[in-house]
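Rule-based calculations on the coordinates, nothing more; no lab input. Note that this is a predicted model, so its numbers are computed, not measured. Note that we place each Cβ from the backbone using ideal geometry, even for glycine, and neighbour counts take in every protein chain shown.
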Amino acid sequence: RSAGALADKRVVITAGPTREPIDPVRYITNHSSGKMGYALAAAARDAGAQVTLISGPVSIAPPPGVEVRNVITAEDMLRVASVAVDEGCDLFIASAAVADYRPQICAEDKIKKSSEEMLLSLVRNPDTLATIAGRVDAPFTVGFAAETTDVAKYATDKMQRKKLRMIVANDVSVPGLGFNSENNAVTVFWPDGQVSIGPDSKQQIADELIDLISTHI
Ligand code: PMT
């Protein structure tokens, strides 16, 4: 990879899952480990960028030389990402698996077991990626799309709807790839091209993604 491809660029990356509280002891989340986003942060750092990593709760070590800002919920993610972009950002990459919905209320006390059935009301979360890409001063914005069917169609739809410069489509139906695994395989789409990368280690995929983004930015 060309060292210095992102020299002097400020890069903000979201990674990991979010946690949406139900009560003081329970939450809704997903299988994201943060590995893909942490690998991207290391790759961007190696390309010479100043990197801010906005991370949901994960159990992996942050890459050295990268500033980490920890968040829990999707609402935190939007707030912290907006501040990071306000501070200056040339490239925004959203690899986090943000919960689309959160419980409408977080119970103040632990919910007790009572009836046989329990209904949980969920409300939509704010979309960090769409919000950042929709700013008048939007950085070059790259999204991810985790899909299990019609990957190319849903990914290119998301790119258009969220006004992205590129989207990294991740078929998360393939065993051993995607969520919480060491390896991944992706197809990247931009308005007039596409390329498939992998299967390979997440670090190798991240290195190639950063190379590709550097040539488009
Ligand atoms: O963390 P790992 O275990 O390494 O797994 C990596 C991964 C599978 C999580 C990653 O490669 C990936 O695909 N991330 C995106 C997961 C996802 O939630 O995709 P989505 O199609 O639901 O969301 C589309 C895009 O909008 C994503 O860039 C997402 O970060 C962003 N988004 C979504 C909802 C929301 N409220 N805010 C957002 O910013």
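Altogether, the Stokes-Einstein calculation at 10 °C and 1.306 mPa s, with the Kirkwood radius of segment 3-71 over Cα pairs as Rh, returns a diffusion coefficient of 125 µm²/s. In this label model, Arg69 and Leu122 are separated by 2.7 nm, measuring between points 7 Å along each Cα→Cβ vector. In a DSSP loop and with at most 13 other Cβ atoms within 10 Å, the trypsin sites (Lys or Arg not before Pro) in segment 109-180 are Lys110, Lys112, Lys113. Working from Cα pairs under 8 Å separated by at least six residues, relative contact order for the chain is 21 percent. As a size descriptor, the averaged projected area of the C-alpha convex hull of segment 62-145 was calculated at 8.1 nm². Computed on segment 152-201, with alpha-carbon pairs under 8 angstrom and 6+ residues apart, the relative contact order is 29 percent. Given their separation in residues at 0.36 nm each and the Cα-Cα distance between them, Asp8 and Ile105 gain 30.6 nm when the chain is fully extended. Hydrodynamic analysis of segment 1-144 uses the Kirkwood radius over alpha carbon pairs. Inserted into Stokes-Einstein at 37 °C and 0.692 mPa s, it gives a translational diffusion coefficient of 204 µm²/s. With one equal scatterer per alpha carbon and no solvent term, the Debye-computed log10 I(q)/I(0) for segment 103-210 at 0.10, 0.14 1/Å reads -0.43, -0.70. If the chain linking Ile28 and Ser59 were pulled fully straight, counting 0.36 nm for each residue of separation and taking away their Cα-Cα distance, it would gain 9.5 nm.
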